Every structure is written in C-alpha cells, then in structure tokens.
Amino acid sequence: MELHDIQGIVASGYAHLKHSRYLFVRVHRADAARAWLATVIGAITTARRRAPGEPKSPAHANIAFTAPGLQQLGLDDDAVQTFSREFVLGMAERAGVLGDAGDSAPARWTVGGPGTDPVHVLLLLYATSAAALDELTGRLWTGPAPTAGLAAVFRQDSVRENSNEPFGFRDGISQPAIEGVGQPPLPGQSVVKAGEFLLGYENEYGERPPMPTVAHAADPRGLLPVSETEPPRKDLGRNGTYLVWRKLAQDVAGFWRFMDSRTRGPDGASDPERRSWLAAKLVGRWPSGAPLVLAPVRDDPALGSDGRRNNDFTFMPTDPNGFACPLGSHIRRANPRDSLQPTPAESVRLSNRHRIMRRGRPYQQRTETGTAQGLVFIALNADLSRQFEFIQQTWIINPKFNGLYADKDPIIGDNDGSGVMTIQARPVRERITGLPRFVTARGGGYFFLPGMNMLRYLAAPR
Ligand code: N7H
C-alpha cells in the first residue's frame with residue numbers, strides 16, 4: 001500500500017483530537033485556488049505509519065473536492081466525467097435515492113443545496129484544543145488564502161466530549177478494517193479488500209474500482225502514472241476515495257419524549273428502564289455500546305466499553321429471529337452481517353460489499369430558538385452507489401428490508417409520524433407505531449478525497 005500517498009483520514013478517525021472544523025470553500029479563480037493549494041499540501045496528513053517513539057500529531061488536516069470544484073480548479077471536463085456518475089451529479093441531485101424529502105429536502109439545506117453558495121473544496125481540520133484548531137485554521141486558511149479568488153461559504157465546528165452521539169449511545173464502534181491499512185483488526189471486525197475504500201486496488205469482487213483518468217497531454221509535467229487499463233491516459237484517482245459529508249440534525253428531546261410516551265406504566269408514570277430498553281431495541285445496542293445480541297436483557301457497560309468484546313458477534317447463531325436485536329434495528333439494517341438470505345456465509349460476503357468507513361462527529365450549536373445538535377456524518381467508500389447509497393436506499397429506508405413489510409430504520413429512516421418498528425418477541429411481537437423522523441438532513445455533499453499525487457497535480461500551474 002502506498003500509505004504516503006493516501007490521506008490520513010482513510011486510516012484513522014483521529015480519536016485523540018477532540019476538536020474538528022469543516023470549512024467549505026468556493027473557488028472564484030482557478031489560479032488563486034491552485035496557488036493556495038500548493039501552500040497547504042505540505043500540511044495534509046497522510047496514512048504513513050508513525051515511526052517508533054514518534055508522538056501523535058496535535059493537529060491533522062485533510063482536503064476533498066466536489067465535481068464542480070475539480071472543474072473550477074481547471075480539470076478538463078473530459079477528466080471530470082471519468083469520476084463516478086453520483087459524484088458528478090452531487091448529493092442534492094440524489095435526494096430521491098437518499099430519502100431526502102420534506103424537512104430534509106435539499107431546498108432547505110444550509111449547505112450543498114440548490115439555494116446555497118456552490119461548494120468546491122472541503123477542508124477537514126482536527127486539533128487537540130479550540131486554540132490549536134484556530135491556529136491550524138489560521139495557518140492553512142485565514143493566512144494564506146488570497147482574499148480574491150477563494151471564499152469560505154460555510155463552516156461547521158464539532159467538539160467531541162466523549163464517545164457518545166447526541167441521543168446518548170456510544171458511537172464509532174463497528175468499522176471495517178482495510179486490508180493493509182491502519183491497525184490490526186479487533187475481534188469480530190471484518191477485514192475487507194482495500195479496493196472497497198481506495199481506488200487502484202482490488203475490491204471484494206476481485207476487481208479494481210473504475211479509475212478516474214486524464215488525457216496524456218493534460219499531464220505535461222509527468223506527475224501522474226500511466227493507466228494500466230487505458231494507456232496512454234494517466235491515472236488520476238489512485239489512492240483516492242469518495243467522501244460523503246452530511247449534516248444530520250437530531251431531535252434529541254423528541255426522541256426521548258417518544259420513548260417515554262411508549263413505555264409509561266399503567267398508572268401513567270415514566271419508566272426509565274423500559275424507556276432505555278425501547279431505545280436500545282431501535283438502535284440494536286445499549287447506550288453503553290453493548291450489543292443486544294450479547295446483552296439481551298439489560299445494559300452491560302463493561303462489555304460496551306471493551307473494544308475487544310463489543311463488536312465480536314454475528315446474528316444467526318443466537319438470534320436468527322431478532323428476539324434479542326430486532327431485524328429492523330439501526331445496526332442490523334446498516335450492517336446485516338450474517339442475517340440475510342440465502343445463507344449466513346453468503347450474507348457476510350454480501351454485507352462486506354456494502355461497507356462504509358464512518359468518520360462522523362457530533363455537533364452542538366446555539367440557534368435563535370435554543371440549541372441544535374446532531375451528527376456531522378462522514379463516510380468513505382470507493383463506490384458511492386454500491387456502498388453509501390445502497391445502505392441508505394436498500395437497507396435504511398426500504399420498508400421491505402429482510403422480510404419486514406412496513407418498517408423503515410427507526411433512527412434515521414424518513415418516517416413521517418406514521419412509521420412502524422416491529423420488535424420480534426415470544427409469544428407475540430410488539431409493534432411500535434407513530435414513529436416520526438428523529439434525524440433530519442440539513443446539508444451535505446459528495447466529495448473526492450484525492451491521493452497526494454493527484455493533489456500535487458491539481459496544484460500545479462497550467
Ligand atoms: Fe449509524 N445512533 O445513534 O443510533 N449508528 N447513526 N448511520 N451506523 C451506529 O457500531 C446513528 C447513520 C451505520 O457494523 C451505532 O459504531 C445516528 C447513517 C453503520 O454493526 C449507533 C445517526 C448511516 C453502523 C448509530 C446515524 C449509518 C452504524 C452503533 C444519525 C449510513 C455500523 C455504534 C444522526 C447510511 C453497524 C457503532 C455495524 C452504527 C446511530 C447515521 C450507518 C449508536 C444517531 C446516515 C454502517
């Protein structure tokens with residue numbers, strides 16, 4: 001693996017850096033943008049392994065581009081069109097596939113929608129403290145960015161105080177391991193081929209993902225390797241991947257109010273234990289992170305925080321019918337592991353062709369009416385349609401998922417107040433009705449996270 005050419009966020013979620021900032025940039029002038037890019041390349045973090053004894057860095061930076069961004073930077077249309085169709089169309093155009101309607105419709109987005117400023121570049125900044133983040137922002141953006149030619153059109157900050165997402169559940173537990181990249185796998189962690197997450201390598205089909213290329217003549221400095229499959233064109237996308245960015249607002253008060261309303265005792269009194277049980281059934285894990293498959297009756301915080309045990313499970317050996325972890329719970333939809341047809345082994349193979357690397361972080365911000373919170377959802381994948389979009393469309397918002405017929409994902413599905421969640425149980429199943437939407441899209445975009453070589457190519461004067 002060419003780790004020095006791969007951006008660091010592919011290999012690590014930078015868990016030691018609590019503060020992050022997502023800066024959305026519009027390019028007005030290509031020459032100014034290229035000059036700025038040339039100054040920041042040296043600060044971009046790669047996936048290179050630390051030398052023995054080398055301390056962890058107190059700050060990291062990564063950078064990604066939309067399709068219009070690549071165009072604005074001067075990439076020929078002929079090259080832009082070699083990127084995946086979904087990427088070229090952009091996230092807002094894929095609203096139908098993603099279930100982004102009603103309050104989640106792109107027309108209402110604060111970034112990435114049809115009514116907002118075009119986004120060309122996304123700068124992802126991470127640091128140990130707010131002051132260090134400001135220093136990094138000054139070094140990479142405020143300082144060197146020319147006043148003309150580039151403008152920040154949106155900024156999202158995030159502070160991660162602990163491992164929980166805003167509803168109160170431990171997040172960031174289950175991730176695929178990429179063959180040849182990152183840490184050795186934990187017990188239960190599936191190892192998938194590098195081509196599921198990086199262009200230029202074999203994927204779970206034994207093939208290489210489609211490679212964006214440029215004409216031979218468009219690389220007069222010889223910065224890019226010659227394509228093996230389409231010579232004399234040059235490989236542009238090698239060691240890059242697609243990045244999904246979504247701002248997902250969470251109705252935390254509404255979520256817990258709903259759980260409360262469905263679990264009150266016969267005398268009308270709240271039942272905190274039962275409330276947490278219902279929420280866990282919807283997620284598939286307890287707030288501590290303990291999976292329902294391994295802790296079916298009550299939360300087990302020691303299990304939830306134990307990285308060697310909290311993801312070491314499949315569904316079929318002990319829970320084929322969903323009596324512990326409901327078939328339609330968020331985690332069983334988002335990664336069904338061994339629980340799909342026709343056999344558990346086939347199901348694992350299939351599930352591993354639809355994995356994403358999640359790099360999301362919570363956000364919280366003041367608004368005119370109070371506090372808004374949610375998730376900056378970030379996912380990496382080599383194939384937007386087969387990975388992120390497939391999960392969202394075929395598993396999350398599909399009422400016919402895995403033998404169900406009327407349910408959508410109870411946490412992030414596009415429910416409208418009449419949603420249904422079936423909790424399989426003996427002797428009879430329980431059906432929770434009247435589910436609203438707890439998570440609303442507020443903005444987003446599809447980006448390409450290039451390899452370092454492509455970055456140098458983009459920054460080179462024309
Ligand atoms: Fe989900 N939540 O708090 O309920 N998610 N998710 N997610 N999610 C997971 O295993 C959550 C979202 C996946 O391999 C956990 O890390 C919330 C989107 C996948 O077992 C929790 C939001 C998509 C997994 C949550 C949200 C996914 C996963 C358990 C939005 C993809 C791994 C902790 C605000 C389209 C499944 C963990 C596996 C796990 C929550 C969004 C996918 C607690 C609140 C948009 C693949």
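The values are calculated or read from the model by the stated rules, or taken from the named source; none is laboratory data. Here the structure is a predicted model, which is why all the values come from computation and not from measurement. All Cβ positions, glycine included, derive from the backbone under ideal geometry; neighbour counts span all protein chains shown.
Among the residues of segment 128-162, the ones that are in a loop (DSSP other than H, G, I, E, B), within 16 Å of the ligand (Cβ to nearest atom) and either modelled with pLDDT under 95 or out of contact with any Lys or Arg (no Cβ under 6 Å at 6 or more places or on another chain) (or both) come to 2 in all.
Only residues that are in contact with a strand residue (DSSP E or B) (Cβ under 6 Å, 6 or more places away or on another chain), β-branched (Val, Ile, Thr) and under 18 Å from GLU196 (Cα atoms): list them for segment 365-408, please. Answer for segment 365-408, where residues must be in contact with a strand residue (DSSP E or B) (Cβ under 6 Å, 6 or more places away or on another chain), β-branched (Val, Ile, Thr) and under 18 Å from GLU196 (Cα atoms): just ILE378.
Taken over segment 42-67, the criterion of being of a type outside the set (A, V, I, L, M, F, W, C), buried (at least 17 other Cβ atoms within 10 Å of the Cβ) and outside any strand (DSSP E or B) is satisfied by THR45, THR66.
Is it fair to say ALA130 is touching a residue at least 40 places away in the same chain (Cβ under 8 Å), surrounded by fewer than 17 Cβ atoms within 10 Å (Cβ to Cβ), hydrophobic (A, V, I, L, M, F, W, C) and closer than 26 Å to MET452 by Cβ? No, not satisfied. Take the conditions (1) under 22 Å from GLN72 (Cβ atoms); (2) surrounded by fewer than 21 Cβ atoms within 10 Å (Cβ to Cβ); TRP109 misses just one of them, which is (2). Among the residues making up segment 141-180, those that are over 22 Å from the mean Cα position of the chain (by Cα) and of a type in the set (A, V, I, L, M) are ALA145, ALA148, LEU150, ALA151, ALA152. Taking the numbered list (1) crowded, with 18+ Cβ neighbours inside 10 Å; (2) within 16 Å of the ligand (Cβ to nearest atom); (3) free of Cβ contacts under 8 Å to residues at least 60 places away in the same chain in turn, VAL420 passes all entries but (2). Picking from residues in segment 184-198 that are in a loop (DSSP other than H, G, I, E, B) and without any contact (Cβ under 8 Å) to a residue 24 or more places away in the chain, the one that is nearest to the ligand (Cβ to nearest atom) is PRO185.
Can you tell me which residue in segment 348-361 is nearest to the chain's Cα centre (by Cα), limited to those that are away from the ligand (no atom under 11 Å from the Cβ) and under 17 Å from VAL191 (Cβ atoms)? Looking at residues that are away from the ligand (no atom under 11 Å from the Cβ) and under 17 Å from VAL191 (Cβ atoms), I get ARG353.
One residue stands out in segment 383-393 among those that are within 12 Å of the ligand (Cβ to nearest atom) and farther than 21 Å from THR440 by Cβ: the one that is surrounded by the fewest Cβ atoms within 10 Å (Cβ to Cβ), namely PHE390.
Are any residues in segment 137-183 without any contact (Cβ under 8 Å) to a residue 40 or more places away in the chain and touching a strand residue (DSSP E or B) at 6+ places or on another chain (Cβ under 7 Å), and if so, which ones?
Passing the criteria: ALA177, GLU179.
Looking at segment 13-41, which of its residues are part of a helix (DSSP H, G or I) and either farther than 21 Å from ALA152 by Cβ or among the hydrophobic types (A, V, I, L, M, F, W, C) (or both)?
Correct list: ALA30, ALA32, ALA33, ALA35, TRP36, LEU37, ALA38, VAL40, ILE41.
Considering segment 335-346, the residues that are touching a residue at least 24 places away in the same chain (Cβ under 8 Å) and away from the ligand (no atom under 13 Å from the Cβ) include one that is surrounded by the fewest Cβ atoms within 10 Å (Cβ to Cβ), namely PRO344. Going through THR46, THR82 one at a time, which residue ends up being of a type in the set (S, T, N, Q), in contact with a Gly (Cβ under 6 Å, 6 or more places away or on another chain) and at pLDDT 95 or above? Matching residue, one of THR46, THR82: THR46.
So that you can scan it fast, the table gives a plain yes or no per residue for (1) under 20 Å from LYS408 (Cα atoms); (2) more than 10 Å from the ligand (Cβ to nearest atom); (3) buried (at least 21 other Cβ atoms within 10 Å of the Cβ):
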| site | (1), (2), (3) |
| --- | --- |
| TRP277 | yes, yes, no |
| GLY307 | no, yes, no |
| THR314 | no, yes, no |
| CYS325 | yes, no, yes |
| SER329 | yes, no, yes |
| ARG333 | yes, no, yes |
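Conditions tested, residue by residue: (1) within 16 Å of the ligand (Cβ to nearest atom); (2) at pLDDT below 95; (3) touching a helix residue (DSSP H, G or I) at 6+ places or on another chain (Cβ under 9 Å); (4) not assigned by TED's automatic domain parsing to the domain that holds LEU124.
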{"residue": "GLY200", "(1), (2), (3), (4)": "no, no, yes, no"}
{"residue": "MET211", "(1), (2), (3), (4)": "no, no, no, no"}
{"residue": "LEU224", "(1), (2), (3), (4)": "no, no, yes, no"}
{"residue": "ARG238", "(1), (2), (3), (4)": "no, no, yes, no"}
{"residue": "TYR242", "(1), (2), (3), (4)": "yes, no, yes, no"}
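For segment 216-265, the set of residues classified as closer than 30 Å to PRO436 by Cβ, surrounded by fewer than 18 Cβ atoms within 10 Å (Cβ to Cβ) and not basic (Lys, Arg) consists of ALA253, GLY254, TRP256, ASP260, SER261, GLY265, listed by residue number. Among the residues of segment 239-272, what is the count of those that are among the charged types (D, E, K, R), under 24 Å from ASP407 (Cβ atoms) and free of Cβ contacts under 8 Å to residues at least 60 places away in the same chain? Of the residues in segment 239-272, 4 are among the charged types (D, E, K, R), under 24 Å from ASP407 (Cβ atoms) and free of Cβ contacts under 8 Å to residues at least 60 places away in the same chain.
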